[in-house]
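Let me begin by presenting the structure, written as structure tokens, before commenting on it.
Bear in mind that the values in this text are calculations on the coordinates, not laboratory data. Since this is a predicted model, take the numbers as computed values, not measurements. We place every Cβ from the backbone using ideal geometry, glycine too, and count neighbours over all the protein chains shown.
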């Protein structure tokens, strides 16, 4: 745990004051092996030898598992060396009980517990087994995980090992106090063994044959309608162009006094071409729409998309859904 940087003399004075304040009960306690180990550990903490102090306090706890003073000092030392998970577990049990030392220093112990918890978070893995959960190469749980995992808040390489499937790996950032849920899509159980598919020995059934014939007819009709629609649009465009040309010729041959016989004939041919153009355009568009609908329905009926995990015997891996 990093705090404000102090000068050498100020740092020593602060450590000495905290250690003596939290161990004032030890000065009045009767001398014994446990008290001696705790006192040695306190002196090591004052000297900044926190790792050695942890070992002294562990020895004291082994000799006297019921000593709240020894367990509390161990939790404080673990806090100092950054072993926050174990420090939280021990400190919670110490604060759940009561004796003279705990009651005297409960405020300081609770403050240490709050500081420890500011470095921790929760990780919930929602997946069915069999399998295992790994963080940074260390196995932390089997699947299914019955309760959220208490972890130090930082970046991890999360690995999910599901039986019969390739490991799934994902980097996750876990912030202090956060609850992260990892949701794994449950794969079907892998086959016991792979067997080659038997060669077909029978002709397709009558129902399958009829279905294939219907699909083939639908595709054929769709393609024919698309072709007819394209031809109708092209022919309609040609008649439309002729109608425009005929109208221009009629305008040249007719004036305010009237039209010549040739002009009247040109006007009739232009009107007839315009009518054909309109009919052909309408037919072509209808054919294109009808053909497109038939092909779309046929394609929709034949398309199947299946998302499933693959066995480690082949390529691929497990599909993951992660929410955090």
Legend entry - For 94, 293, 140, order by how many other beta-carbon atoms lie within 10 Å, fewest first: 293, 140, 94
Legend entry - Gained length - residue 260 relative to residue 217, 0.36 nm times residue gap less alpha-carbon distance: 10.0 nm
Legend entry - Convex hull of the range 120-180 built on C-alpha atoms - directionally averaged projected area, nm²: 3.7
Legend entry - Bridge type composition, the range 120-180 - antiparallel percent by DSSP, nearest 5: 90
Legend entry - D_trans [Stokes-Einstein, Kirkwood Rh over alpha-carbon pairs] for the range 214-302, 10 °C, 1.306 mPa s, µm² s⁻¹: 107
